[in-house]
Amino acid sequence: MNTMSHKLLRIEDLVLHFKTRLGTVQAVDGVDFELDTNRAVVILGESGCGKSSLAKAILRLLPRNVQKYSGEVYLQGTDVMQFDEEQFRHNVRWAAISLVPQAAMNALNPVIKVGEQVAEPAIVHLGVKREAALNLARRMFQHVGVPEDFLERYPFELSGGMRQRVALAMALVTSPSLIVLDEPTSALDLLTQANIMNVLKRIKQELGTSFILITHDIATSSELADEVAIMYAGQIVEVGHARDFFPAPLHPYAQMLMASVPRLRSESDPMFITGQPPSLVNLPTGCRFKARCPFRFDKCEREPLMFGKNSRKVKCWLYE
Amino acid sequence: MLYYPSAIVGLLVVFLLVFTAIYAMIKIPYNEAIRLWRGGEEVWYQNPKFAPPAWFNLFSSKKYSESFAVKTSDGSMTREVTPGAQGTSTMSIAYTFDFSYDYYPQELILYFTSSYEEKQPFISAEWLTPDGRKIRLVNMALSQKQTYRFSQDEKLKTRLRTEEVIPYLFSDPETGALVKGEYQLLITGAAFEPDADINVEFVSHGQVYGLAGTDQARRDLVVPLLWGAPIALAFGLIASLGTSVLTMVIAALGTWYGGWIDELIQRITEINLVLPFLSILIMIGTFYSRSIWVILGATILLSIFTGAIKSYRSIFVQVKESLYIEAARAYGASSPRIVFLYLIPRMIPLLIPGLVSSVPAFVFLEASLAVLGLGDPVLPTWGKIIEDANSNGALYRGYYYWILEPATLLMITGLGFAMLGFALDRIFNPKLRDV
Amino acid sequence: MITELRDLKMNTPKINEPQALLTIQDLRVWYELRRFGFGHAGYVKAVDGVSFALAEGETVAVVGESGCGKSSLMKTILGLNIPTSGEVVFDGENLSGLKGDGLQHYRFKVGYVQQDPYGALPPFMNVQKILEEPLIISGMKSREERLARIHKVMSEVKLHPVEDFLKKFPHMLSGGQQQRIVIARAMLREPKLIVADEPVSMLDASVRVEILKLLRALQESHGLSVIYITHDLSTVKYFSRRIFVMYAGSLIEKADTRQLLGNPLHPYTHALLAATSDPEARNAETFKEVPPGEPPSLVNPPTGCRFHPRCPRFMAGLCDVKFPPDLEPEPGHFVACWLYQ
Ligand SMILES: Nc1ncnc2c1ncn2[C@@H]1O[C@H](COP(=O)(O)OP(=O)(O)OP(=O)(O)O)[C@@H](O)[C@H]1O
Ligand SMILES: Nc1ncnc2c1ncn2[C@@H]1O[C@H](COP(=O)(O)OP(=O)(O)OP(=O)(O)O)[C@@H](O)[C@H]1O
Ligand code: SF4
Ligand code: SF4
Ligand SMILES: [Mg+2]
Ligand SMILES: [Mg+2]
């Protein structure tokens, strides 16, 4: 297989629906995007729009109440959706794509030394011996900026920032080509946040890793983003290069979202979006943003397609 | 609610119990129930002792004889009076019944009542079997009240040359086999005064009786089984409501005010936890009073300061720190207001399932005390039935029904409340709910 | 009013400004640490020597990282914490002298907006009950009167139609609506001061600005004083006239918003500003300059300047020995750093 001609990751029409008492939650509903090696895409969206569910769908870490899970996930040209669980665990999860889950720093096992915890994925997914895995863990600690003697500590002996770095080391230890980061900095302090972003940038430079960074913090996301994908009500409504997107977003939602960000270094008056996102159980027909959209017109009653404009794609009839 | 089958079953059981309780109280008013329960031979003479319920026959290929009682005064036994000369009269009293059982009755009894001035009336009784034999039972003069027990007539025994009168009456003298068919009791009476009169009641103490059977005192177990329901429910509900509410209020006050109040509550709880709960109740029952109200009060008092107060406390400690309490303090809510309007309501979702689930424990407690002989001396309860059964050796004598009936009701009650409590917990505290 | 305040010497021992609504003088809030539940094991010096004055109608932001003592300071102002030492004077009354009714009366004059709106609302009360509570407590007996007041305040926080909300429970509302209820509750008794502790940090980006603008509008129309606590410097300038930067229990820089953002003096303030990003693509190309280490323990804070172990401009023999006083290198711009001696 010629890996050069293929994108690192290509996702087509990925769907993840949950079954609940109230009905079907369409948390991920037809997501497409692609990512090259050593690039970082940020997935931006408001709380509850399905960001974490997308991460779970990519890594096939599914809860019990899945209603529908379909689509294609090509990893260097291979559709890993065809893999059975065993193949997936061996060749994809952690081996090629690893995840730093939301609130990972609070999910560390409190009674196991952090060194052991970081070594664990290498033992499980790569089949490395314990000694070698601990050495790998030591190397990863250097990458994420945790002093080596912390290997012997327990999670409660570490500050929040340090624990987040440990969680990051856990994702790095198998040398994956892609790391999915779910809200890696949102519970952290400003300076710690900046520190972690520096660590991520350095890893990207030094190890050539790709990132999917999931966050609702638009300002911080710009620290890492090569590409930006805006998620709204289970769908991606705009994707594009960061340098195109940040100065001039296209989708009305993206424009309003960007306008709502308070800025330290400019005098702009931030705006806000009235109304609320639709419930993922009861989605409106047509464009999902239409209830809040100031540019709505007749066409918006039908579901918009992804319209391409240069390297950018927008799911809005305005760009037909 | 409808999502939970266990809730529906539990609710159904609880409804059924409540319905039974109400039915019991309407059908047999309290005073009547007490009269029946405490009544002796004079109330229950019609019933056999130790008789399993009549529906036993449904499950048995050999049929036990059912009990009956008939009398002339209400016409269930026919009586023909033929006036004779000089104010005398003869009367013929007959009762024909079909006997198609495989076991003999325990006993046959005739209760005579007669009225006369001077000369006693006279009767003679005969027994007609389906195969046409006629057995003379007795000839005797009647006093005003006279009881004739078939099995204890020594003369009859000698005449029939048997010790077992009743089997003899129902079987073929040659083969000794039981004879099924129509039997007749025939009593011919002679009264010698114009106003003299004879009435008779014919009672057959069968092998089985009624819906629930009888105990050692011939009492129909329907009475205590029915009345056990309201008593068990009242005891269980009052005890668990009293305990839960008081525990919660005390835990809330302790947590909120802290300091020595909290310390005191903790220490009392620790002491109470090592006190032997049941022994104290037994002591109260033995030395002070066995009244159900006293026991109820003691149960509640002793159950307040238990592990529950500690678990409530640990939750209150968290709730106490919650932001909405901080907000309430900031807008000037007084301490009692915070305890009763902010802390305690937060716990209601935990309280209600716990309350429902703890009902069975108290019902069982009351039953256990009764089994130990410390039940309320007046009230008919499920525990009392078990106690009576136990002290009459029901199990080794094979009277399983006597224990199984109250035990089944206790178990159903326990199960019903437990299932309902569990379901309520899942409804009120949906974290446990599986997605 | 503000200029007069600006001229105040924050480090002078007495502040007796007649216009000041709130004066904090050398306030300390120490929490005792106990070993195994008893036995003294030191203090958490959450607030350690804080002084400032707030004029009527003035807005000030307190900026600092998690655990630096922002909430402890605010809870003391709200009368929820008892100060270890120092004074809180509100409207001419010393808070430490207030008890019972007096304290309750004080609380009527101060509104509190918390960080997590869902946690701040009792989950078992509906909106009407939630909003009636403070009114009942302050002795408003008539139900009609209470409802009229609730209607008024709810339309002020733009929760209309009011009737639609009254019977709802908090979990039926969106985060933004919940926070409006919290704000309405704080506004019910026409307070003079509102303390808003990270009022938008739990809300979605698109809602944050809306809530901040609402608070701002209320502040202007009612002439409220507002203390706005945040860790997000980028929202500050939309909201407050002055900024206090807090580090490890003390206010290390106090200045006018424009002054502070335009000319930050304290090395820590510099670091905070440098770490705050605006959403721009070029951010990805450079590394941020971040001081090493983490905020110190408040039990055993560093000697001298508490920032010295992390400070890039640390001067040995001075910074680690003597605690820097409030200096005023330009009028109204106070900084606790030896660089400006
Ligand atoms: N296992 C599940 N079963 C049912 N619904 C779920 C499940 N997991 C998530 N959801 C729902 O799916 C929607 C998307 O959830 P998701 O966690 O992906 O959102 P998110 O964008 O990550 O939000 P946040 O920013 O709050 O983390 C939400 O409405 C959530 O309630
Ligand atoms: N009741 C208490 N007892 C002991 N220590 C406390 C108490 N309350 C707060 N602290 C400690 O005091 C310090 C300051 O806490 P405070 O809540 O004031 O910080 P903050 O600046 O509001 O932080 P955040 O941004 O996380 O809300 C912290 O180290 C905290 O652990
Ligand atoms: S499709 Fe229509 S409603 Fe949707 S974002 Fe575009 S213009 Fe607005
Ligand atoms: S006083 Fe010294 S250590 Fe502290 S901030 Fe100023 S220069 Fe740095
Ligand atoms: Mg998420
Ligand atoms: Mg705080």
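Here is the P(r) of chain B: all C-alpha pair distances, binned every 10 Å from 0, give 4, 16, 20, 18, 14, 10, 8, 6, 3, 1, 0 in whole percents. By the combined test of axial Cα extent (at least 27 Å) and Kyte-Doolittle hydropathy (mean at least 1.0), the qualifying DSSP H helices of chain B come to B:5-27, B:222-257, B:344-369, B:400-428. Model label sites at A:Asp84 and B:Ser279, defined 7 Å from Cα along the beta-carbon direction, differ in position by 6.4 nm. Centre-to-centre, using Cα atoms only, the stretch B:304-371 and the stretch C:204-238 are separated by 39 Å. Give me the residues in the stretch B:323-342 whose solvent-accessible area, probe 1.4 Å, is reduced by at least 20 Å² once all protein chains are included instead of the chain isolated. So the qualifying set is B:Leu323, B:Tyr324, B:Glu326, B:Ala327, B:Arg329, B:Ala330, B:Tyr331, B:Gly332, B:Arg337, B:Leu341, B:Tyr342. For the stretch A:184-243 versus the stretch A:252-320, the spacing of their alpha-carbon centroids is 21 Å. Between A:Val42 and A:Leu213, A:Asp226, A:Glu227, A:Val228, A:Ala229, the built amide H atoms are under 5 Å apart, and every one of these is 5 or more places off in sequence or on another chain.
If R0 equals 30 Å, the separation of the Cβ atoms of A:Ser47 and A:Arg202 corresponds to a calculated FRET efficiency of about 0.55. Largest GNM mean-square fluctuation among B:Leu420, B:Leu128, B:Leu355, using chain B with Cα springs under 10 Å: B:Leu128.
Interface residues of the stretch C:225-241, defined as a loss of at least 20 Å² in heavy-atom accessible area between the chain alone and the complex of all protein chains with a 1.4 Å probe, are C:His231, C:Ser234, C:Lys237, C:Tyr238. Accessible surface of the stretch B:222-432, 1.4 Å probe: 72 percent of it comes from carbon and sulfur atoms. First obtain the Kirkwood hydrodynamic radius of the stretch B:363-405 from its Cα pairs, then insert it into the Stokes-Einstein equation at 4 °C and 1.567 mPa s, and state the resulting D in µm² per second as a whole number. Translational diffusion coefficient: 127 µm²/s.
Taken along the Cα-to-beta-carbon direction at a fixed 7 Å, the label points for B:Ala69 and A:Asn282 span 6.8 nm. Measuring spread by the Cα atoms of the protein assembly as shown yields a radius of gyration and Dmax of 43.2, 146 Å. When the label point is put 7 Å from the Cα of A:Glu12 along its Cα-to-beta-carbon vector, which residues of the stretch A:230-261 have a backbone N closer than 18 Å? In the stretch A:230-261, the label zone of A:Glu12 (backbone N under 18 Å from the point 7 Å along Cα→Cβ) covers A:236. The C and A chains share an interface that buries close to 3700 Å² of accessible area, total over both sides, probe 1.4 Å.
With Cα atoms defining each centre, the stretch A:59-89 and the stretch C:46-119 are spaced 54 Å apart in the structure. To the nearest 0.05, what FRET efficiency results for B:Phe428 and B:Thr286 with a Förster distance of 51 Å applied to their C-beta separation? Efficiency, rounded to the nearest 0.05: 0.80.
The long axis of helix C:205-222 is offset from the longest Cα principal axis of chain C by roughly 80 degrees.
Per residue of chain B, what 222 nm ellipticity follows from adding -39500 (n - 2.57) for every DSSP H run with n ≥ 4, rounded to the nearest 500?
-15500 deg cm²/dmol
Which value, in square angstrom to the nearest 100, describes the accessible area buried between chains B and C on both sides, using a 1.4 angstrom probe? For chain B against chain C, roughly 1600 Å² becomes buried. Heavy atoms of the protein chains alone define the surface here; on that basis chain B has 48 Å² accessible area per residue at 1.4 Å probe size. The heavy atoms of A:Phe141 present about 0 square angstrom of accessible area, all protein chains included, probe 1.4 Å. The Cα trace of the stretch B:54-205 gives Rg and Dmax of 16.5, 57 Å, the first to one decimal, the second as a whole number.
Shape class for the stretch B:140-233, computed from the alpha carbon gyration tensor (a ≥ b ≥ c): oblate, with a/c not under 1.5 and a/b at or below b/c. Each stretch of four or more DSSP H residues adds -39500 (n - 2.57); spread over every residue of chain C, this sum gives -8500 deg cm²/dmol at 222 nm. For the stretch C:215-276, averaging the sequence separation of C-alpha pairs within contact (under 8 Å, six or more residues apart) and dividing by the residue count gives a relative contact order of 24 percent. For the stretch B:57-76, there are no residues whose amide N sits under 18 Å from a probe point set 7 Å from the Cα of B:Glu126 along the beta carbon direction. Per residue, chain A exposes 42 Å² of accessible surface when a 1.4 Å probe is rolled over the protein heavy atoms with every protein chain present.
Could you estimate the translational diffusion coefficient of the stretch A:22-107 from the Stokes-Einstein equation, with Rh from the Kirkwood formula over C-alpha pairs, at 20 °C and 1.002 mPa s, in whole µm²/s? D = 148 µm²/s. Applying the Karplus relation 6.51 cos²θ - 1.76 cosθ + 1.60 with θ = phi - 60° to the stretch A:84-100 yields 3J(HN,Hα) values of 7, 4, 5, 4, 4, 5, 6, 9, 10, 5, 6, 5, 10, 10, 10, 10, 9 Hz, where x marks Gly and Pro. Once C-alpha pairs closer than 8 Å and six or more residues apart are averaged by separation and normalised to the residue number of chain A, the relative contact order reads 20 percent. Relative contact order, whole percent, for the stretch A:30-103 stands at 24, derived from Cα pairs under 8 Å and 6 or more residues apart. Solvent-accessible area assigned to carbon and sulfur over chain C amounts to 53 percent, based on a 1.4 Å probe. The modelled label-to-label distance between B:Arg397 and A:Phe297, using points 7 Å beyond Cα along the C-beta direction, is 9.8 nm.
Using R0 = 56 Å, the C-beta based FRET efficiency linking B:Ala141 and B:Ile271 works out to 0.15.
Within the listed set A:Val73, A:Val146, A:Val41, the residue fluctuating most in the Gaussian network model of chain A (springs between alpha-carbon atoms under 10 angstrom) is A:Val146. Sites listed here are trypsin sites (Lys or Arg not before Pro) in the stretch B:322-428 whose DSSP assignment is loop and whose Cβ has at most 11 other Cβ atoms within 10 Å: B:Arg397. Multiplying the residue separation of C:Glu220 and C:Val299 by 0.36 nm and removing their Cα-Cα distance gives an extension gain of 24.4 nm.
The values are calculated or read from the model by the stated rules, or taken from the named source; none is laboratory data. These numbers were taken from a predicted model, which means no experiment stands behind them. Virtual Cβ from ideal backbone geometry, glycine too; neighbours counted across all protein chains shown. For accessibility, only protein heavy atoms count, side chains too; no ligands or nucleic acids. Shrake-Rupley method; radii C 1.70, N 1.55, O 1.52, S 1.80 Å.
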